[in-house]
Amino acid sequence: VTVETLEKKGFLINIFSGKNCPGLLVSVLEAFEDLGLNVVEARASCSDSFRLQAVGSGGGDDQNEEVIKQAVLQAINDWDG
C-alpha cells in the first residue's frame, strides 16, 4: 500500500496483492467512504492478483498520507476473504 499527496489536494492510492482477493475492493472502498474520500478516478484488477490505483479527494483537513494508509491497511486486515 502506498499513498502519495497530489498537487490538487488529493491522494494517489496504490494497493497490490500477489493473489486474488475476492471482496477486498468493497472493503477498501468502504474505508475510503469512512474517511470521506471521494474516488475521482480508479483502475482495478482482480483476476490473478489484486491491484487498485485510485485518486481520492476530500476527507477534510485532517487527512494525510499516513491516515489513509492506516485506514486501508486496517480494511485489508479486517477483510475476511
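Only residues that are more than 14 Å from GLY59 (Cα to Cα), at pLDDT below 95 and either charged (D, E, K, R) or out of contact with any Asp or Glu (no Cβ under 7 Å at 6 or more places or on another chain) (or both) were counted in the stretch 7-26, giving 10.
For first residues located in the stretch 1-29 and over 15 Å from ASP80 (Cα atoms), partners that are among the polar types (S, T, N, Q) and part of a loop (DSSP other than H, G, I, E, B) and lie 6+ apart or on another chain with Cβ distances below 6 Å form the pairs GLY18/SER49.
Residues in the stretch 37-57 that are without any contact (Cβ under 8 Å) to a residue 24 or more places away in the chain and out of contact with any helix residue (DSSP H, G or I) (no Cβ under 7 Å at 6 or more places or on another chain): ASN38, GLU41, ALA42, ARG43, SER45.
For SER47, are the conditions met, namely being surrounded by 15 or more Cβ atoms within 10 Å (Cβ to Cβ), out of contact with any Leu (no Cβ under 8 Å at 6 or more places or on another chain) and of a type in the set (S, T, N, Q)? Taking the combined requirement at face value, the residue does not satisfy it.
Taking the criterion of being within 14 Å of VAL1 (Cβ to Cβ) and open to solvent by less than 70 Å² (accessible area, probe 1.4 Å), the residues of the stretch 50-68 that qualify are PHE50, LEU52, GLN53, ALA54, GLY56, VAL67, ILE68.
Quick grid of which residues meet (1) surrounded by 18 or more Cβ atoms within 10 Å (Cβ to Cβ); (2) touching a strand residue (DSSP E or B) at 6+ places or on another chain (Cβ under 7 Å); (3) more than 16 Å from GLN74 (Cβ to Cβ):
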residue	(1), (2), (3)
LEU6	no, yes, yes
LEU12	no, yes, yes
GLY23	no, no, no
GLY36	no, yes, no
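The values are calculated or read from the model by the stated rules, or taken from the named source; none is laboratory data. For clarity, every value in this text was computed on a predicted model and none was experimentally measured. Note that we place each Cβ from the backbone using ideal geometry, even for glycine, and neighbour counts take in every protein chain shown. Areas reflect the complete protein model, heavy atoms only, side chains present, ligands, DNA and RNA absent. Shrake-Rupley method; radii C 1.70, N 1.55, O 1.52, S 1.80 Å.
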